[in-house]
Amino acid sequence: MKRLMLLALCLAATALAVPLAALGAKPPSPNSISLTAAPKIITFGQKDMLSGQLKGPNNGGVTVQLQQQPAPYTTAFKNVPGASAMTDNTGKYQFTVHPTVSTKYRSVAKTSPNLTSDALTLPVRFKVTLGLSDSTPRAGQRVTFSGSCAPANDGKLVYIQKRTSTGRYRTVKRTTLQHSATGNLSTYSTKITIGADGVFRARVLHDSMHATGTSRSRRATVH
């Protein structure tokens, strides 16, 4: 009989302990956090908007810290200075970023335990410009193609390309970026003989820090 009474008391104590513990328990953690970029790639000098949502219960009013890992991605993720946001009543949040090199980002929600989003890679492409000394040359005239690339990348190749009848571009000249005395950029200049109408562009291919950059197209109309 005593054993039965002791067993009953133990069961009753266990039943009471569960709700009592629940009263002091922290709210359950939301089950996921997302992070996206719009646009998904930017040109050097531009800003971008990162946004996401904390999903699950109690997802409003939660602090979210943005972390970064700049290219070439050999260091650990670190907090972005000043990049801390609070989720709204639907769990949404956003950040504005201005990276100078391609960068991986992730967000960390201060839940219990913390939740970390998947890493998001935001490529930063070279900013390439192109200008023609004469956009209406005579047939056989030599035209100067010149422009710049930012950030500076002295010695890197610039590919001058012409659009084909199929819409693809074919390289017609290569030249090298030179040091510029002003600004964080390199410049180039080369001459091309124009024999017929054409649409041209300049490209600087990617490296470990930046994505491939392409200038706006420029038309040469022979008269």
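Could you check the range 104-118 and list, in sequence order, the residues that are touching a residue at least 12 places away in the same chain (Cβ under 8 Å) and more than 13 Å from the chain's Cα centre (by Cα)? Within the range 104-118, SER107, VAL108, ALA109, LYS110, THR111, SER112, PRO113, LEU115, THR116, SER117, ASP118 meet the criteria. Is at least one residue of the range 128-142 at pLDDT 95 or above and touching a Pro at 6+ places or on another chain (Cβ under 6 Å)? The answer is no; no qualifying residue exists.
Scanning the range 123-151 for residues that are without any contact (Cβ under 8 Å) to a residue 60 or more places away in the chain, surrounded by fewer than 16 Cβ atoms within 10 Å (Cβ to Cβ) and closer than 24 Å to ALA181 by Cβ turns up SER133, THR144. Would you check if there is a residue in the range 188-207 being farther than 13 Å from LYS162 by Cβ, out of contact with any Asp or Glu (no Cβ under 9 Å at 6 or more places or on another chain) and in contact (Cβ under 8 Å) with a residue 60 or more places away in the chain? Yes, some residue in the range 188-207 is farther than 13 Å from LYS162 by Cβ, out of contact with any Asp or Glu (no Cβ under 9 Å at 6 or more places or on another chain) and in contact (Cβ under 8 Å) with a residue 60 or more places away in the chain.
Apart from one condition, ILE160 fits all of (1) under 30 Å from GLN65 (Cβ atoms); (2) touching a Lys or Arg at 6+ places or on another chain (Cβ under 7 Å); the exception is (1). Checked against (1) more than 28 Å from PRO151 (Cα to Cα); (2) touching a Ser or Thr at 6+ places or on another chain (Cβ under 9 Å), PRO72 passes all but a single condition, namely (1). With respect to THR111, determine if the residue is surrounded by 18 or more Cβ atoms within 10 Å (Cβ to Cβ), over 25 Å from TYR73 (Cβ atoms) and assigned by TED's automatic domain parsing to the domain that holds LEU50. Yes.
Restricting THR144, THR121 to residues that are within 25 Å of the chain's Cα centre (by Cα), of a type in the set (S, T, N, Q) and farther than 14 Å from GLY198 by Cα narrows the list to THR121. Checking every residue in the range 155-175 against the condition of being aliphatic (A, V, I, L, M) and more than 18 Å from ARG203 (Cα to Cα) gives zero matches. Scanning the range 161-191 for residues that are modelled with pLDDT of 95 or more, out of contact with any Phe, Trp or Tyr (no Cβ under 6 Å at 6 or more places or on another chain) and β-branched (Val, Ile, Thr) turns up THR164, THR166, VAL172, THR176, THR187.
The values are calculated or read from the model by the stated rules, or taken from the named source; none is laboratory data. Note that this is a predicted model, so its numbers are computed, not measured. Here Cβ is always computed from backbone atoms with ideal geometry, including for glycine, and neighbour counts include all displayed protein chains.
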